[in-house]
């Protein structure tokens with residue numbers, strides 16, 4: 001077998017296995033930082049902001065139905081905001097189940 005292929009396979013498996021040990025290697029300062037960032041994205045305040053942006057995108061869509069370029073951008077923004085709202089709920093549920 002080629003040495004490059006063996007090296008790539010080894011690095012691939014190392015890449016797959018490394019996250020299994022990441023929790024033990026994380027310093028406590030990093031964990032509190034991660035919890036702070038998670039709180040920012042899963043807090044009720046962030047959800048309110050995202051819902052306001054979603055309503056703004058809906059209003060912009062209503063006023064720009066004839067402009068095809070603007071309509072594509074607004075739909076993309078609305079979908080992205082919807083994904084963010086859903087993702088915060090999913091992350092919050094997984095994080096609370098992991099504790």
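Throughout, read-outs are computed from the coordinates displayed, never taken from laboratory work. All figures in this text were calculated on a predicted structure; none of them were measured in a lab. Glycine also receives a Cβ, built like all others from the backbone with ideal geometry; neighbour counts cover every protein chain displayed.
Descriptive notes on the structure:
- Length gained on full extension, residue 39 to residue 15: 5.8 nm, using 0.36 nm per residue less the C-alpha separation.
- Here the extension length gained between residue 53 and residue 6 equals 12.0 nm, from 0.36 nm per residue of separation less the Cα-Cα distance.
- Cβ-to-Cβ counts within 10 Å put 74, 94 in ascending order as 94, 74, the fewest first.
- Sorted largest first, extent of region 44-99 alpha carbons per principal axis (Å): 50, 18, 9
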